[in-house]
Amino acid sequence: MDIITLAAVSGNLSVIGYGLATLGPGLGLGILFGKAMESTARQPEASGKIQTIMFIGLALVEVLGLLGFVAALVLG
């Protein structure tokens, strides 16, 4: 296998890896927002506290997606 083909395969694998790495944060965000809406519907008086915790969770989940993106760029 020559060097050009190896570089192309390596780049393609890093893109596939990033695509798989986005599945976790995508599912996490869906569950996070769904549970936050469910909690707010059950206890509307606690919506401010729920929203604060939801945004902290959002930041933590998004960091995972960004780490996958950076890893794909560095390794690819």
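Things to note:
- Stokes-Einstein D for the chain, Kirkwood Rh over Cα pairs, 37 °C, 0.692 mPa s (µm²/s): 228
- In the chain, helices alone account for a calculated mean residue ellipticity at 222 nm of -31500 deg cm²/dmol, with every DSSP H run of four or more residues adding -39,500 (n - 2.57).
- The long axis of helix 23-42 is offset from the longest Cα principal axis of the chain by roughly 10 degrees.
- On Cα atoms only, tilt of 3-21 relative to the major axis of the chain in degrees: 10
- 0 to 90° range, to nearest 10: angle between helix 47-75 axis and the chain longest Cα axis: 0
- In this structure, Phe55 and Thr22 have a Cβ-Cβ separation that, at R0 = 22 Å, corresponds to a calculated FRET efficiency of about 0.65.
Values in this text are rule-based calculations from the coordinates and carry no lab data. Computed from a predicted structure; not experimentally measured. Cβ coordinates were reconstructed from backbone atoms using ideal geometry, including for glycine residues, and neighbour counts include every protein chain displayed.
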